[in-house]
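Read-outs throughout are calculated quantities, based only on the coordinates presented, and are distinct from any laboratory measurement. Quick caveat: nothing in here was measured; it's all calculated off a predicted structure. Glycine also receives a Cβ, built like all others from the backbone with ideal geometry; neighbour counts cover every protein chain displayed.
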């Protein structure tokens, strides 16, 4: 079989890497891919835009692609699944109406409330003055979210009124484009945020191992929100009994809510959860695709062939599919970014040390990179995701940082505390 992946980040590199481990996969094509997928044996990049639905369709039909995996949320929100399905192409990713669970936070809130899924109280606004008046009435800390897609950067946890006003004005100033024309003001919760990625065929839903990521740019989970600066799995915050509750209290009601709207949802449903100290569960957000960088920590631990899981979802055979198999190990991913990210950052820096990093047994997933002749250059904010597997979290984290130290490029930045929570938990 040949598979097509839509996207250019570390998540897409990880998906291609995992698919190619299956003896049933002859080739993976990435649109547009990155410097890492360009050098991956059995993989090639195709220089098309992720918004070129016609070109993607033509290529898929001519080259007999077995299925398409849509990595990034933007084409899902724009309806790529609907477009490809109209030509009988199998797509792992929801239709445009299903993708609203991520592309519109207010739509997702309405679905959660109707389905009885626990989620923080919130109110939506289309004018800055009304939002600020509401925030002043509620007090801080409080959370301000751009309603639409903002690459993980549209959320502000405001601890002062000044920060809250600034976040509101930033959104309505056009900083996030159309995504910020409506905002959600949400109650602040205390606890640990957990990512539970689940796969569904529209009839059955099954979770993958739970992960945690570091969303903020600064040490100790401080500073501006990013797309994610590191991740680790499986997080000990979620044990099997709690994962069972997540299945029955969140995942199954969400799928039922989608079914009640006649939405045939086949792909990943990613629940961003807050687990309070009392183990109460609250859904912070839903996403309609694989997480990034969580995927880079989850897939190295997956033993079941990824293509088999995807086809079971596309062919609605998930209920009869065997239990997913996982390595008895831990994985950690450290994101190396360009200094200045998530705001203005430089590009074009030459990256060295990738071969030395690979010799440490780490897996270097490329995100914002490109190949120019014999060089690998930085081309994005998040440049690399350096992942390592170990028997314990301590060894996985240490192995990841050992590989990070091999890699050099000008203006590089990474957090030195990825996994600090699990390192102090007993039994890890």
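Structure notes:
- The stretch 156-271 shape via C-alpha gyration tensor axes, a/c threshold 1.5: oblate
- Burial ordering of 22, 8, fewest other beta-carbon atoms within 10 Å first: 22, 8
- A straight line joining the Cα centroids of the stretch 71-101 and the stretch 338-386 runs 29 Å.
- Shape category assigned to the stretch 1-109 from the gyration tensor of Cα positions, a/c cut at 1.5: prolate
- Placing dummy labels 7 Å off each Cα toward the beta-carbon, the span from residue 2 to residue 166 is 5.1 nm.
- Cα-based Rg of the stretch 190-229 normalised by 2.2 N^0.38 Å, two decimals: 1.54
- Rg [Å, one decimal], Dmax [Å, integer] - the stretch 307-428, C-alpha atoms: 17.5, 50
- Scaled radius of gyration (Cα, divided by 2.2 N^0.38 Å) that the stretch 80-122 gives: 1.47
- Shape metrics for the chain, restricted to C-alpha atoms - Rg then Dmax, Å: 20.5, 60
- Calculated FRET efficiency for the pair residue 326/residue 133, C-beta based, R₀ 45 Å, to 0.05: 0.35
- Among 110-117, 305-312, 333-340, 135-142, sorting by the average number of other beta carbon atoms lying within 10 angstrom of each residue, highest first, gives 333-340, 305-312, 110-117, 135-142.
- Derived value for the stretch 127-181: Kirkwood hydrodynamic radius 11.0 Å. Basis is the mean of 1/r over every pair of different alpha-carbon atoms.
- Taken along the Cα-to-beta-carbon direction at a fixed 7 Å, the label points for residue 347 and residue 85 span 3.4 nm.
- Only helices enter this figure: runs of n ≥ 4 DSSP H residues, each worth -39500 (n - 2.57), summed and divided by the residues of the chain, yield -8000 deg cm²/dmol at 222 nm to the nearest 500.
- Ordering 205, 5 from the fewest to the most neighbouring beta carbons within 10 Å gives 205, 5.
- Considering only beta bridges that DSSP places wholly inside the chain, some 80 percent are antiparallel.
- Residues 51, 103, 122, 195, arranged from fewest to most other Cβ atoms within 10 angstrom of their Cβ, appear as 51, 122, 103, 195.
- One chain, two ends: residue 39 and residue 374. Fully extended at 0.36 nm per residue, the span grows by 119.5 nm beyond their Cα-Cα distance.
- Ratio of Rg to Rh for the stretch 74-226: 1.00 [Cα atoms; Kirkwood radius as inverse mean 1/r over pairs].
- At 0.692 mPa s and 37 °C, Stokes diffusion of the stretch 202-324 via Kirkwood alpha-carbon radius, µm² per second: 209
- Here the spin labels are modelled as points 7 Å beyond Cα on the Cα-Cβ line, and at residue 394 and residue 21 they lie 2.6 nm apart.
- Largest mean-square fluctuation among 41, 167, 329, in a Gaussian network model of the chain whose springs join Cα atoms under 10 Å apart, belongs to 41.
- Dimensions (Å) - the stretch 362-428, Cα atoms, principal axes, largest first: 48, 19, 16
- Efficiency of FRET from Cβ geometry, residue 46 and residue 262, R₀ 41 Å, rounded to 0.05: 0.75
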